Amino acid sequence: MISDLWYKNAVIYCLSVESFMDSDGDGVGDFRGLTRRLDYLHGLGVTAVWLMPFQASPGRDDGYDVSDYYNVDPRYGTLGDFVEFTHAAKQRGMRVLIDLVVNHTSDQHPWFKSARSDPDSPYRDWYVWSKTKPKNADKGMVFPGVQTSTWTYDEAAKAYFFHRFYDFQPDLNTANPHVQAELLKIMGFWIQLGVCGFRMDAVPFVIAEKGASVPMTPKLDFDMLRTFREFLQWRKGDSVILAEANVTPDENVKYFGDDGDRMQMMFNFHVNQRLFYALASADTAPLAKALNETRPGYPTAQWGVFLRNHDELDLGRLEDDQRQAVFDAFGPDKSMQLYDRGIRRRLAPMLKADRRRLELAYSLMFTLPGTPVLRYGDEIAMGDDLKLPERNCARTPMQWSGEANGGFSKAKKTFLPAISGGGFGFETVNVAQQRRDPNSILNWMERVIRMRQELPEIGWGDFRVIPTRDKAVLALRYDWRNNAVVVLHNFDGEPRETAFDPGDKDDEPSVLINLLADDHSNPEADGRHRIVLEGYGYRWYRLGGLDYLLNRTEI
Ligand code: NOJ
């Protein structure tokens with residue numbers, strides 16, 4: 001079924017209700033606060049908002065431990081407030097995506113409580129049990145160093161239960177048809193309340209075979225993904241699933257499906273890791289290779305392109321020396337690292353708040369193949385608080401102004417303290433201040449988002465890497481409906497002169513029309529362009545034909 005492919009040219013902004021805006025002064029963000037801030041997001045040019053989990057939860061994994069899928073956690077408001085929010089978003093033409101966390105529940109979920117306390121409970125088989133401790137119980141932890149096992153003994157059940165994540169997140173037995181039916185019901189519920197899709201958490205684990213004798217590389221049931229998609233599209237044709245699956249390129253394609261019949265979107269973790277390696281080393285070869293390896297094979301499939309998210313920057317799939325190079329550049333201190341594989345900092349402190357490097361990184365995020373996913377606070381270059389444990393360091397309150405708690409809340413104490421003092425404190429880094437400053441990163445971001453929206457070539461088109469013979473410079477060309485865009489990025493701190501032919505073999509030489517500044521580029525006699533990029537410089541061009549050259553004498 002062909003639906004409205006709105007996600008192909010969207011700009012997604014991800015936030016957690018908890019940390020965005022507190023309307024009632026209890027120190028926790030809420031839907032009413034978020035709704036009041038929708039005009040801000042709309043003004044920034046965001047077209048879709050992805051909300052992290054907000055359903056009822058004991059909150060031991062920041063909401064990724066759900067205890068009631070059909071309710072808003074009372075700290076954030078009511079279902080009524082939620083619907084007011086989705087309605088207000090719709091009025092502004094903005095879509096809402098929400099997290100769907102169905103690999104596991106909280107151990108406080110009534111299903112698990114019933115399952116553990118009664119072997120005859122109808123919910124017993126909704127979870128994964130073993131009478132004896134499975135041989136691989138100390139393998140496959142997602143949070144090594146913090147989580148010590150994937151099977152935990154439950155006194156009440158007199159059995160071990162399986163948990164891919166923390167021991168308070170028992171895995172659902174997703175192969176059970178009753179569980180699968182319930183998952184569809186959950187999706188159907190939220191779709192009815194105005195959401196346009198889901199960021200599906202931990203997809204490879206949702207579809208994995210689970211059980212005591214399952215090998216370390218379990219079989220995956222990809223048909224389940226097709227069922228999810230079909231259900232959603234029958235209910236609401238324009239709804240999508242954005243899958244969280246940090247897998248290799250040959251696996252990626254299976255998540256999209258051969259006929260584009262599974263997930264519409266996936267986060268491009270493969271590119272994300274090589275992007276950080278390129279930023280650390282000024283060597284773009286692995287990034288260019290990763291882009292070619294992850295070319296979506298189906299027109300409706302789309303990547304979610306991101307820099308940092310609410311988790312650690314996972315470098316687990318880089319080669320050892322590449323990973324070390326990223327650690328050395330962006331997270332040299334043990335306190336900045338996490339789970340033996342990643343960096344837990346926000347982007348701005350990683351890049352030492354160097355404006356040139358921040359612009360380079362975000363310019364890339366907005367011009368790599370796919371749909372950009374911006375994290376709240378990144379538009380003002382917020383920092384992190386490494387005193388906070390694990391991933392909480394990068395989940396602090398949004399910094400709206402220089403007032404107490406960064407204008408996030410009137411409470412004496414907030415759920416996490418707003419970052420105060422130093423180079424990243426709310427006193428200096430905040431929305432109010434940056435709005436007044438025409439040169440702020442916030443105003444820069446608004447401008448590039450606006451331009452990105454005008455470049456459907458990137459969201460919809462085919463791309464190719466243009467050879468530059470300089471590994472520090474990445475040049476990409478996009479083509480869509482007889483329009484073409486060329487983007488250049490210099491990953492080196494020193495200026496680079498780069499010469500390249502952006503055209504196809506049969507093309508006439510083209511002018512490159514700079515979309516963000518005045519310096520257009522004319523081709524030289526051999527049809528090549530010679531462009532000097534300043535250190536960490538970038539350019540966005542649209543290809544103009546000879547017509548443009550003849551009619552516009554000023555360039
Ligand atoms: C992935 C989420 O992004 C992460 O924050 C969470 O802890 C795990 N899944 C478990 O739900």
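Do we have residue 245 as in contact with a helix residue (DSSP H, G or I) (Cβ under 8 Å, 6 or more places away or on another chain), within 16 Å of the ligand (Cβ to nearest atom), under 24 Å from residue 95 (Cβ atoms) and small (Gly, Ala, Ser) here? Outline the logic, then answer.
Working: in contact with a helix residue (DSSP H, G or I) (Cβ under 8 Å, 6 or more places away or on another chain): yes; within 16 Å of the ligand (Cβ to nearest atom): yes; under 24 Å from residue 95 (Cβ atoms): yes; small (Gly, Ala, Ser): yes.
Against the criterion (in contact with a helix residue (DSSP H, G or I) (Cβ under 8 Å, 6 or more places away or on another chain), within 16 Å of the ligand (Cβ to nearest atom), under 24 Å from residue 95 (Cβ atoms) and small (Gly, Ala, Ser)), residue 245 qualifies.
When segment 170-210 is filtered for residues that are in a loop (DSSP other than H, G, I, E, B) and under 24 Å from the mean Cα position of the chain (by Cα), the ones remaining, listed by number, are 193, 194, 195, 196, 201, 202, 207. Just to be sure before I move on: is residue 62 out of contact with any Leu (no Cβ under 8 Å at 6 or more places or on another chain), assigned to a loop (DSSP other than H, G, I, E, B) and more than 28 Å from residue 368 (Cα to Cα) in the structure I sent? Against the criterion (out of contact with any Leu (no Cβ under 8 Å at 6 or more places or on another chain), assigned to a loop (DSSP other than H, G, I, E, B) and more than 28 Å from residue 368 (Cα to Cα)), residue 62 qualifies.
From the list 243, 202, which one is buried (at least 18 other Cβ atoms within 10 Å of the Cβ) and either on the phi > 0 side of the Ramachandran plot or assigned by TED's automatic domain parsing to the domain that holds residue 476 (or both)? Steps first, answer last, please.
On the way: 243 fails: either on the phi > 0 side of the Ramachandran plot or assigned by TED's automatic domain parsing to the domain that holds residue 476 (or both).
Checking each option against the conditions leaves just 202.
Please go through segment 129-155 and pick out each residue that is more than 14 Å from the ligand (Cβ to nearest atom) and of a type in the set (Val, Ile, Thr). Hits for segment 129-155 are 132, 148, 152. Exactly one residue out of 277, 298 is under 19 Å from the mean Cα position of the chain (by Cα) and either of a type in the set (Ser, Thr, Tyr) or within 16 Å of the ligand (Cβ to nearest atom) (or both), and it is 277. Residues of segment 416-444 that are in a helix (DSSP H, G or I) and either modelled with pLDDT under 95 or closer than 16 Å to residue 385 by Cα (or both): 422, 423, 424.
Do you know which residues across segment 351-382 are in contact with a Gly (Cβ under 7 Å, 6 or more places away or on another chain) and at negative phi?
We begin by selecting, within segment 351-382, every residue in contact with a Gly (Cβ under 7 Å, 6 or more places away or on another chain); these are 353, 356, 370-371, 373.
Those that are in contact with a Gly (Cβ under 7 Å, 6 or more places away or on another chain) and at negative phi: 356, 371, 373.
As a summary of the residue check, residue 295 satisfies the conditions (1) basic (Lys, Arg); (2) surrounded by 15 or more Cβ atoms within 10 Å (Cβ to Cβ); (3) more than 23 Å from residue 62 (Cβ to Cβ) except for the one numbered (2). Once segment 158-169 is narrowed to residues that are in contact with an Asp or Glu (Cβ under 6 Å, 6 or more places away or on another chain) and assigned to a strand (DSSP E or B), the residue that is nearest to the ligand (Cβ to nearest atom) is 162. Residues of segment 405-450 that are touching a residue at least 12 places away in the same chain (Cβ under 8 Å) and charged (D, E, K, R): 410, 412, 413, 427, 446, 447, 450. Taking each residue of segment 243-257 that is closer than 13 Å to residue 303 by Cβ and free of Cβ contacts under 8 Å to residues at least 60 places away in the same chain and looking for partners that are charged (D, E, K, R) and within 16 Å of the ligand (Cβ to nearest atom) with beta-carbon atoms closer than 6 Å, six or more apart or interchain, yields 244/201.
Of these, 210, 135, 185, 139, which one is closer than 30 Å to residue 315 by Cβ and assigned by TED's automatic domain parsing to the domain that holds residue 70?
Working: 135 fails: assigned by TED's automatic domain parsing to the domain that holds residue 70; 185 fails: closer than 30 Å to residue 315 by Cβ; 139 fails: assigned by TED's automatic domain parsing to the domain that holds residue 70.
Just a single option satisfies the conditions, and that option is 210.
Looking at segment 83-96, can you tell me whether even one residue there is modelled with pLDDT of 95 or more, among the charged types (D, E, K, R), assigned to a strand (DSSP E or B) and within 16 Å of the ligand (Cβ to nearest atom)? No, every residue in segment 83-96 fails to be modelled with pLDDT of 95 or more, among the charged types (D, E, K, R), assigned to a strand (DSSP E or B) and within 16 Å of the ligand (Cβ to nearest atom). Scan segment 333-343 for residues that are surrounded by fewer than 16 Cβ atoms within 10 Å (Cβ to Cβ), in a helix (DSSP H, G or I) and touching a residue at least 12 places away in the same chain (Cβ under 8 Å) and the total you get is 1. Restricting attention to segment 52-69, the residues that are within 13 Å of the ligand (Cβ to nearest atom) and not acidic (Asp, Glu) total 9. Condition check for residue 388 on (1) away from the ligand (no atom under 16 Å from the Cβ); (2) not in a helix (DSSP H, G or I): one failure, at (1). Residue check: residue 207 meets all listed conditions (1) touching a residue at least 40 places away in the same chain (Cβ under 8 Å); (2) touching a helix residue (DSSP H, G or I) at 6+ places or on another chain (Cβ under 8 Å) but one, namely (1). The single condition among (1) crowded, with 18+ Cβ neighbours inside 10 Å; (2) of a type in the set (A, V, I, L, M); (3) assigned to a loop (DSSP other than H, G, I, E, B) that residue 216 does not meet is (1).
Annotation: of all residues in segment 504-547 being part of a loop (DSSP other than H, G, I, E, B) and either hydroxyl-bearing (Ser, Thr, Tyr) or assigned by TED's automatic domain parsing to the domain that holds residue 366 (or both), the one that is modelled with the lowest pLDDT is 510. Is there a residue being more than 15 Å from the chain's Cα centre (by Cα) and touching a residue at least 12 places away in the same chain (Cβ under 8 Å) anywhere in segment 303-312? The answer is no; no qualifying residue exists.
The values are calculated or read from the model by the stated rules, or taken from the named source; none is laboratory data. Quantities reported herein were computed from a predicted structural model and do not represent experimental measurements. A quick note on method: Cβ atoms are made from the backbone with ideal geometry, for glycine too, and the neighbour counts reach across all protein chains shown.
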